[in-house]
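The values are calculated or read from the model by the stated rules, or taken from the named source; none is laboratory data. Quantities reported herein were computed from a predicted structural model and do not represent experimental measurements. For neighbour counting, all protein chains shown are included, and Cβ atoms are generated from backbone atoms with ideal geometry for every residue, glycine included.
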Amino acid sequence: MALLRGTLDILVLKALSWTPLHAFEIAQWVEQRSDGEFPVEDAALLQALHRMEERRLLTAAWGTTENNRRARYYSLTAAGRAHLRTETEVLRRSVTALTEVLDARTAAVSARGTR
Amino acid sequence: MSWSRIRYGARRIFGLELHRPAAAPHDADVELDAVIAERIAFLTARGVPPVEAQAQALLHVGESLTAARARLRASAEHREQTLMLRERIAEAWIDLRHAARSLARNPVLSTAMVLTLALAIGANTAIYSAVRAVILRPLPYAEPDRLVSIWETNPEFKWTHAEAAPANMFDWRERVSAFADVGGYFSFVTQSTLTGRGEPRMVSTLGVTGNFFDVLGVRATLGRTFQESETWNVGRTLVLLPAQTWRAQFGGDSSVVGGTITLDGRPAEVVGVLPDGVGVPGMDVEYFTNIGWDPASRAQTSFRRAHFVRPVARLKPGVTLEQADAALQEVVRALQSEYPGTNRVMGAQLGSLHADLIGETRRPLLVMFAAVAILLLIACANLANLLVVRAAAREREAAMRLALGAGRGHLVRRALTESGLLAVVGGALGLLLGWWGTRALVALQPPQLLPIGDVGVSLNVTGFVAAVTLASALLFGAGPALWAARRDPADVLKDAGRGATGSRRARQVRNVLLVGQVALALTLTVGAGLLVRSYAALQHVDAGFDGRNVLTAAISIPRSRYDSTAKVTAFFGELERRVRALPGVQAAAFASKVPLTPASWTSQISAQGRAIASPDEQVVHRTQTAGYHAVMGTRLIAGRFLDETDNATSVPAVVVNEAFVRQFFPGETPLGVRVTYERNPTDSSYWRTIVGIVANERQEALAKAPVPEVFEPLAQEPRRGLVLTVRTGDSPGSLAAPVRRVLAELDPTLAFSSMRTMQDVRSTALARPRFLMVVLSGFAVVGVVLAIVGVYGVVAHAARQRTREIGIRMALGAGRQTVQWLVVRNGLGLAGIGVLVGIVLTRLAARAIETLLFAVTPGDMATYLAVPALLLLTAAIACWLPAARAARADLTGVMRAD
């Protein structure tokens, strides 16, 4: 299933909310936590990371992976953490609404609102 | 791990990663490769065969490797650029805060520095506004570069800037191919009486040719300008109103255009209103009228003989001044042979109209401009000095930063930020002061110094202030900055333990600045001193008249109603009689001009039956009624004054001045000699007998030596424009109202113009030199104060640094005076060098004001002795104060310090 627009950012921020990670670790975390439901393409992920670093939601520093490879480790900034909080709330609400719509059993709409 | 959270400043100092766009593409590649490699490793660790693992990993990228690389390189680069920019801003902000903090640490000093700068920049702003308005800004005409003025020359009469004869002007217009058109205006403003609009009043009018405003390229904002045909008489007078007159006298009422006003008792039609700022610089014109010559006069000899118009020509596009001059000279030569009677030796010369109109104002303004520039330099030197002292005091801080790895460039930048901040605050304040100063300058300026009306702080001036501010920040910031960069941390830290002695270079920098300051202050002060001496000399000039208790009032009567000599003399005689009858009046008379005002007409002279000493020289003329010399208190040298017996029927008589005698009859008393105003007299010439010789007076200006003059009785040389002069017992001003009333009773359609006392006339004549002197003296005082503060600062600082040495010397038995002298000698020595340098500098610069001086040479010994002496004396006091303090220092305390 393709990711909802803008959802990738939130997943990345969420992945980084415990500890700094490099790009592959982030991808792995997202895929594993979603049981493979959200496959993350590497190019899209890296671009999202660059963009969020530019927006100063993230900072990055070079480090060494377990396999002794140079990689950039990303971590959340205070702004990133705040962003995660608000966006999570927004997403949660849309998912609830979406669920409600998809769970509908009749065509009838409640009294308020429509003509 | 995530040290990029560390604040920028700390990362800098500890050499941590910084954002660099150049490395971004490579970094992006490395990052992508790492993800792929990690995934392969992950998959193979799970038992996927390597080839399969690689394929899966590449698939996971989401697009072709090339496309992904390109996209990520771009996004990484964009990111690094954004972040670097933020870093730079953060960096600048840190520097700025640092600078602000370090300035705030010593608020008194910082305030003093800002005020010094504001004062200097403010003065520069005000003077620059004037310079720009007058000298730099083009004339408010279309393509002003193509406008030239033409003067006639006559080598025999030594005329260089003579007005042109109208006929010659018309011939140039028709025959010089390089001219697109030629127009002209009268060389004099005429006083006319305006009636029918409240009280009669005198207004100044200037006659111009019909095409004059077309030549200038000026269109009327209302109505029209004159037409070419209106050079000639069209049966009525036409009037164009300058915008200022239109607003002031007609309340900006547009219905006045096309209407009729009454000038000199005759109707005149208002045809239009001119745009703002359009006028003839240097001439105070309220109304422009068409010249309205009689077409028949075009062919008359007098039209080629009398010189009274100032032609302005517009060059054809692309024609240079040289080409135009060549074409003009050709026509001038042709006219010389065509009209030998009038033009035999008449030449003509071209000049830029702008230079001509600005002429006399240029030099005083440039001198003031140079003076404020010097003032700014002194202020900058002063600031640099103070900043170096402060930088020296913070030497340890700087050394510590360097030792910890801060770049030298960084220290320089920090020092420059500090001076930049000072400069910006000072500049902003300076702009305010300048705005105010400009208004003060306009309000206090002597008449016609700034001939073009609106002098204001424009965008252009603001740009100038910004440039000056930046330049001064660099000037006074560069010293401390370079000095900061050159430090060797090891030396400084070694020295710092013992304090003070290590800053030898700082002292050298300061000494050079001090010498410069004193030298510049000397230049400024000598300049001002020369002007003061010159002004004093002007004030004490014997003007040859007694101006106390004399009231003057100009009047001109219209030819239409006073059309005969008898009517003219009768009118002035009656007016004179009634004024004399007023209480408090001791004497009253008329003359065509009073002392210290521009000359009227000039002519040749020759004597009957004998040669005169210098036949090529000109004499100026003045018409008067009996008693004029008594009113003015002029001394009689020989013979008699003109009196009531010199009337229309008596033998023509004249009185001459001493200069006349010296010029034409040296060593004689030419009473009874008969003279005429022609070069080659004939039997029918009009001969006048010299009946008296009077003392010289300053005819045109206090600074201008008396020239030969003849005085003629009104009854024999009638004129309609005269000046009433009245001598009273005291307070001549109080007679203004009664005198006006007398005129109103005699002829209610007439009015006096420019009623003023002779004291006022004299004071006006002194206004320009006084203004220049006051302004320059003000600058000089500020300059000297700044320089002396500089001397004090340097000496006081040196004395503080030497307290220990002084303490030891005194402990070893040196007397208090010896120790004081030690300190004073240092400062005074530097001031002495400054004075010497300044004298050399001044000798070179003083020539610039030579033409502005009167009775004082630019190398005036008294000034060159007094000013340096005064400067050294003040410097000595400034040196002695800290020296005295040093010598009083508590010995034991000093020894224990450190």
If you check B:Leu596 against the conditions, is it in the same structural domain as B:Val694 (by TED's automatic domain parsing), under 37 Å from the mean Cα position of the chain (by Cα), in contact (Cβ under 8 Å) with a residue 40 or more places away in the chain and assigned to a loop (DSSP other than H, G, I, E, B)?
yes
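Which ones in the range B:39-54 are without any contact (Cβ under 8 Å) to a residue 12 or more places away in the chain, among the aliphatic types (A, V, I, L, M) and within 14 Å of chain A (Cβ to nearest Cβ)? Give the derivation first.
Looking only at the range B:39-54, we keep the residues that are without any contact (Cβ under 8 Å) to a residue 12 or more places away in the chain, and these are B:41-42, B:44-52.
Pick out the ones that are also among the aliphatic types (A, V, I, L, M) and you get B:41, B:45, B:48, B:51.
Hits for the range B:39-54 are B:Ala41, B:Ala45.
Do you know which residues across the range B:86-104 are more than 11 Å from chain A (Cβ to nearest Cβ) and not small (Gly, Ala, Ser)?
Of everything in the range B:86-104, those that are more than 11 Å from chain A (Cβ to nearest Cβ) and not small (Gly, Ala, Ser) turn out to be B:Glu87, B:Arg88, B:Ile89, B:Glu91, B:Trp93, B:Ile94, B:Asp95, B:Leu96, B:Arg97, B:His98, B:Arg101, B:Leu103.
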Taking the range B:618-648 and the residues there that are in a loop (DSSP other than H, G, I, E, B) and of a type in the set (S, T, N, Q), the one that is surrounded by the most Cβ atoms within 10 Å (Cβ to Cβ) would be B:Thr625
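Does A:Thr96 fit the bill of being farther than 24 Å from B:Asp27 by Cβ, part of a helix (DSSP H, G or I) and either without any contact (Cβ under 8 Å) to a residue 12 or more places away in the chain or within 12 Å of another protein chain (Cβ to nearest Cβ) (or both)?
yes
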Residues being within 13 Å of chain B (Cβ to nearest Cβ) and either surrounded by 22 or more Cβ atoms within 10 Å (Cβ to Cβ) or assigned to a loop (DSSP other than H, G, I, E, B) (or both): count how many of those fall in the range A:1-17.
3
Going through the range A:29-57 one residue at a time, which ones are within 13 Å of the chain's Cα centre (by Cα), closer than 19 Å to A:Ser75 by Cα and not in a helix (DSSP H, G or I)?
A:Val40, A:Leu57
With more than 18 Å from B:Asn124 (Cβ to Cβ) and part of a helix (DSSP H, G or I) as the only criterion, which of B:Leu383, B:Leu402, B:Leu375 stands out?
B:Leu402
Of residues in the range B:1-49 being over 60 Å from the mean Cα position of the chain (by Cα), within 30 Å of B:Arg86 (Cα to Cα) and not in a helix (DSSP H, G or I), the one modelled with the highest pLDDT
B:Ser2
Among the listed residues B:Leu873, B:Leu841, which satisfies the condition of being surrounded by 13 or more Cβ atoms within 10 Å (Cβ to Cβ) and modelled with pLDDT of 85 or more?
B:Leu841
Candidates B:Ser603, B:Ser560, filtered to the one that is closer than 30 Å to B:His307 by Cα, more than 40 Å from the chain's Cα centre (by Cα) and surrounded by fewer than 19 Cβ atoms within 10 Å (Cβ to Cβ)
B:Ser560
If you go through the range B:195-232 one residue at a time, how many are in contact (Cβ under 8 Å) with a residue 40 or more places away in the chain and over 17 Å from B:Leu147 (Cβ atoms)?
22
Restricting to the range A:18-41, name every residue that is more than 21 Å from A:Trp62 (Cβ to Cβ) and within 14 Å of chain B (Cβ to nearest Cβ).
A:Val30, A:Glu31, A:Gln32, A:Gly36, A:Phe38, A:Pro39, A:Val40, A:Glu41
Given (1) out of contact with any Gly (no Cβ under 9 Å at 6 or more places or on another chain); (2) more than 12 Å from B:Pro708 (Cβ to Cβ), B:Ala659 misses just (2)
In this structure, does B:Pro340 turn out to be farther than 22 Å from B:Asp214 by Cβ, surrounded by fewer than 21 Cβ atoms within 10 Å (Cβ to Cβ) and in the same structural domain as B:Thr301 (by TED's automatic domain parsing)?
yes
Can you tell me which of (1) modelled with pLDDT of 90 or more; (2) under 26 Å from B:Leu315 (Cβ atoms) is the one B:Ser187 doesn't meet?
(1)
Can you tell which of B:Gly235, B:Gly196, B:Gly223 is at pLDDT 90 or above and over 18 Å from B:Asp181 (Cβ atoms)?
B:Gly223
Which of the residues that make up the range A:48-76 are more than 7 Å from every other protein chain (Cβ to nearest Cβ), of a type outside the set (Lys, Arg) and closer than 17 Å to B:Arg79 by Cα?
A:Ala48, A:Leu49, A:Met52, A:Leu57, A:Leu58, A:Trp62, A:Tyr74, A:Leu76
